[in-house]
Amino acid sequence: KKVFDEEFEMSDESVFLNDFLKNINNHQLKSRLDKLKNISHSIIYKEIYGMIFGCFGDGSGEEMLSLEEYKKRRENSFSSAECETIYGIAKLYADYQKSQNLLDNNKISRKLLKNTAKIQKYSLSIIDEVQDFTEINLNFFKEISIKLFCVGDALQMINPSYFSFAYLKRLMYNEDVTNVAELECNYRNNK
């Protein structure tokens, strides 16, 4: 809020489930959503937050992944019609967030990336539970950090953010600076 010259409220899964979905006025889209009985509303939120809103894309600053790219990435998980419905909900939800002056962590990261001149650089950023960050979140941290130290376990992902260590390695790679190590031992559990 120090960087922005505006007031806003935070948006998260509870806003999506309890405020937005209960008040959808687009009857055609609501009818299509009701037909997706095999996909919970919570999963739909995670698709929207983690992939459609959370993807960094090509760096062009687009707020959302394109429908075509979303279909391509999810072709082995959802049908084309399911992707179109989820994407339609995402667009409607983005409009709702804007009308209610709501921002989620992805939208905040995008806005901050446009204002990095106003943000101090950190010599070292330590990011724990990195598997729960979206691509846009990781790009923001990379931009404001001289060095990143990231720790995570893809098997402990709470919310699907479509995180991948391969993406993180590509993002962080600098042959003179970066070391990436994969730990093979688990000291919390026995075999």
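The values are calculated or read from the model by the stated rules, or taken from the named source; none is laboratory data. The model shown is predicted, which means the values in this text are computed figures rather than measured ones. A quick note on method: Cβ atoms are made from the backbone with ideal geometry, for glycine too, and the neighbour counts reach across all protein chains shown. Accessible surface areas use protein heavy atoms only, side chains included; no ligands, DNA or RNA. Shrake-Rupley method; radii C 1.70, N 1.55, O 1.52, S 1.80 Å.
For this structure, a couple of remarks:
- Solution diffusion estimate, µm²/s, Stokes-Einstein, the chain, Kirkwood Rh from C-alpha pairs, 25 °C, viscosity 0.890 mPa s: 135
- Note on the range 43-151: with neighbouring protein chains present and a 1.4 Å probe, carbon and sulfur make up 50 percent of its accessible heavy-atom surface.
- In the range 1-40, trypsin sites (Lys or Arg not before Pro) in a DSSP loop with at most 16 other beta-carbon atoms within 10 Å: LYS1, LYS2, LYS35, LYS37
- Near the amide H of TYR122, within less than 5 Å, lie the amide hydrogens of SER145, ILE146, all on another chain or at least 5 residues away, with H placed in the peptide plane.
- Per residue, the chain exposes an accessible area of 64 Å² to a 1.4 Å probe, with every protein chain left in place.
- Pairs beyond 20 Å (Cα-Cα), from LYS1/LYS121; LYS91/LYS169; LYS46/LYS71; LYS46/LYS72: LYS91/LYS169
- 3J(HN,Hα) couplings calculated from phi for the range 17-25 with the Karplus curve 6.51 cos²θ - 1.76 cosθ + 1.60 (θ = phi - 60°) are, in sequence order, 6, 8, 10, 5, 4, 6, 10, 5, 9 Hz; Gly and Pro show x.
- Residue of SER11, SER109, SER31 that the Gaussian network model of the chain assigns the largest fluctuation, springs spanning Cα pairs under 10 Å: SER31
- Averaged over residues, the count of other Cβ atoms within 10 Å places the peptides 83-94, 142-153, 38-49 in the sequence 83-94, 38-49, 142-153, highest first.
- Cα gyration tensor shape of the range 83-125, rounded if a/c is under 1.5, else prolate or oblate by comparing a/b with b/c: prolate
- Counting only DSSP H runs of at least 4 residues, each contributing -39500 (n - 2.57), and dividing by the residue count of the chain, the helix-based mean residue ellipticity at 222 nm comes to -10500 deg cm²/dmol.
- 3J(HN,Hα) couplings calculated from phi for the range 35-46 with the Karplus curve 6.51 cos²θ - 1.76 cosθ + 1.60 (θ = phi - 60°) are, in sequence order, 7, 8, 5, 7, 10, 5, 5, 5, 5, 4, 4, 5 Hz; Gly and Pro show x.
- Overall, the anisotropy analysis places the range 1-78 in the oblate class: the square-rooted eigenvalues a ≥ b ≥ c of its C-alpha gyration tensor yield a/c not less than 1.5, with a/b not exceeding b/c.
- Rounded accessible area of MET172 (nearest 10 Å², 1.4 Å probe): 40
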